[in-house]
Every structure is written in structure tokens, then in C-alpha cells.
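Presented below is the structure to which this report refers.
The values are calculated or read from the model by the stated rules, or taken from the named source; none is laboratory data. All values derive from a computational prediction rather than experimental measurement. Every residue, glycine among them, receives a Cβ derived from its backbone with ideal geometry; neighbour counts consider all protein chains shown. Side chains included, ligands, DNA and RNA excluded: accessible areas come from the protein's heavy atoms. Shrake-Rupley method; radii C 1.70, N 1.55, O 1.52, S 1.80 Å.
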Amino acid sequence: MSIVKNSIKTLTTAVMLAAGFTAYAASPVDETYTTLPLSETKTEGTLIFSDCPEYADKTGILYEGTVKPGKGRVYYYHVNETGGPARLLVYAKADKKQSLTVTRRIKGDASSSYIPTGATLSFREAVGDGVESEKIQLEPKKKIVLYEDDRNGIAEDNLVSGIVEIETDKPVTLGTAILSDGDDKDVQKALEQAVPLPPDTHEMRGTFARDIYLENKAWNFSQGPAEISVGNSYPFQKGMDEVSHVERENTGDYGVTYHITFHNKGEGKYHLYINAQGGVYMGTFQAGTNPRLLRMYRTDDRLGRRWFGNGTERDYISCGTWDMGKDLYIRFIPAGAAYLPVRFLMVPEKQ
């Protein structure tokens, strides 16, 4: 029986090839891909990345750094291990009287299982939540609170993660602090008296570029499927820890916005997939041929109760069918509590 089945399969394949059809694997992860090198075309803005100490067991300043004139972002990711309810604040300060504009404030859902926090923050960032302009006046040397994660207090063992974005005409210091629960007056006094906490072995904090623009040399689909791998074929960002005065690596590029342009050639259509390669990846990203009108895709709502990428490198999600010969733009911030690398797979449509 197996000999008959194999003969039929061989004959069917021969007929398809003779008729101009291309044979493809049953799953896109089984295709043979060419990994496309990415080149960095430019960087923009300033990222203040606060993820160290990740498990904050004392109150104090978690991290602070300098935003250059232009656009800035604070991305924080911390677990409350202080022994009781705590307050996490994002603040600004300057040597002289000046102003800045807060353009966005968003957070993920606090959780002791962590992954929902990163997934909800990723989704809210992609759909444009939290966009609201507010001008803030800074007084010399005074820490001004720009945002508080939860005024009711963060429960012990919960992870909190969020984003605060600003625009400024002058350099300004942005920072994060974790403080004991208390009334507003006590919190302001505690913030002024807070001292920097030492880094943990995680060492995930620093000042980095906020927006990274990447592109490939044009891929001709006549050569077959291609892949863009993020967190594998492209190095992680390097920056300066302005508190400890040492260079740091943002392993995972959390808080960085990737702007990837996929240049391609050919006639016909191709399918785009996302494939988790490093473990659980629960996040949201955008893609499209018009950089101002991108479609949204999620990896946190497709597999029922099982997390995308959990225990396998074979999970994939279809992300649309696209026309060859048109640039494809991919925009995303790597989701917190998730793992790189991820692959974007481009497979020519069967003919």
C-alpha cells in the first residue's frame, strides 16, 4: 500500500511541476529560507530603559538618563519585591526652569505571571492608546512626576510595565522610582530624598536610541522564500548606563521601535508569517505597504489557552498576502516578558 501511495505522490508532483506549479512544504516553517541581512539606515530619539533592578526589593531610584532635544521615551519593567504595596513613578527634572510636552502614557496590566503584562502593553502601544498632549513646567532641580503606574499601589510580586513619551526642546533628565505607598505629600518628599539603587546581575538599563530603521537589499522572489530574523541576525542595541557610568546592552531591544523596510522584486503575490524562535512571544506588531496605514497583527489571541511559541519553534501566524514589487513596512516594539528571536517569513504564492 505504501508503494502505491508513494508512486501516486511522485506522479502528482511531476504533473504539477510540468504544469508550472511549485511544490511547497505543508507548513511555512518547513520551507528553505534565505536569511536577509539588514542594514541600519538611521536612528532617532532617546530611550530611557528601566529594567534593573528588575526585582526591586528596596525603594529608591531605579534608573534615570538624559533625553536629548527631540523625542524621548521611558520604558519601564519592574517587579515589586519591596515587601508591601509600592508606587512606581516616572519623573522629569532639569537644572533650569524649562518645559516639556508629554505625548503619551500607557501601561500593561499588572500581573504576577508577567506575560499578560507585556502582551497588554504591546497591544495598547500598537493601537495608539494613551496619546494625549500635556505641557509640563519643570522647576530647577525638582523631580516632577509625569506618570504613576497605579495610584492605589502595586501589589507585592506583581510586574508592572509601561511607556511614557515626551518631546523637548532642551536636554532633560527622565527617571523611574519605586517608593513605599503613602499620600501624595509623603511620596513627593520620598522622591526628592530617594537614592539610586544598585544594578542587579540582569543589568538591563541604560540610555539607547529610541527608533531603529532597518532595511534589506531588494529580494527577488524568483530565488524562493526569504526571512527576516530579529534578535538573531541583528545585534542588540548598546547604550550607556548614566547611573553606573558603564556601557550596557539592551538584550531584547525592549522599548526600541523597529522600523523595518522589506524591499522585494517579482510578479505575483507572497504570504507573510511570523514565527516564534526563542520561546513565548505574546505581542502585537504592524505591517503594510503604506507606512502611514499599517495593519495590526497579534500573537496573543490565536492559540486559545496556549501561549504562542511556548515550548516549540513551529508556531506561526499568517499575516496577510502582499503584492511583490512593493516595499513592505514592519513596525513593532519587542514585547516585554517575551523572547526573541522572531522571524518574519515571506513565501511566494503557489503558481
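A few points about this structure:
- Listed residues L174, L293 arranged by accessible area, highest first, probe 1.4 Å: L293, L174
- On Cα atoms only, tilt of 184-193 relative to the major axis of the chain in degrees: 90 degrees
- Fluctuation leader among Y329, Y63, Y77 - the chain, Gaussian network, Cα springs under 10 angstrom: Y329
- Dimensions of segment 144-184 along the principal axes, based on C-alpha atoms and rounded to the nearest Å, stand at 38, 21, 12, largest first.
- Which of N275, A110, P334, positive extreme of dipole for the chain (C-beta unit charges): N275
- With all pairs of separate Cα atoms included, segment 88-140 yields a Kirkwood hydrodynamic radius of 13.0 Å.
- Ignoring lysines fewer than eight residues from K265 along the same chain, the ones with Cα atoms less than 28 angstrom from its Cα are K42, K217, K326, K350.
- Charge dipole magnitude, Cβ of K and R +1, D and E -1 - segment 195-351, Cα centre, debye nearest 20: 600 debye
- Accessible area of Y147 in the full protein assembly, 1.4 Å probe (Å², nearest 10): 40 Å²
- V145/D169 FRET efficiency (R0 22 Å; Cβ-Cβ; nearest 0.05): 0.60
- Between the listed residues G224, V195, Q98, the Cα displaced farthest toward the positive end of the dipole of the chain, a dipole computed from Cβ unit charges relative to the Cα centre, is found at G224.
- Measuring with a 1.4 angstrom probe and ignoring ligands and nucleic acids, D200 comes out at about 40 Å² accessible.
- Candidates Y33, Y91, Y114: whichever shows maximal mean-square fluctuation once the chain is modelled as a Gaussian network with Cα springs under 10 Å: Y33
- To the nearest 10, the accessible area of S113 is 60 Å² with a 1.4 Å probe.
- Two-site FRET efficiency, T312 against K96, from Cβ-Cβ distance with R₀ of 45 Å, rounded to 0.05: 0.25
- Solvent-accessible ranking of D300, D241, largest area first, probe 1.4 Å: D300, D241
- Residue ranking by accessible heavy-atom surface, 1.4 Å probe, largest first, among H78, H245 comes out as H245, H78.
- Each stretch of four or more DSSP H residues adds -39500 (n - 2.57); spread over every residue of the chain, this sum gives -3500 deg cm²/dmol at 222 nm.
- Label selected from (i) 20.2; (ii) 18.5; (iii) 17.5, the criterion being mean projected area of the Cα convex hull in nm² as computed here: (i)
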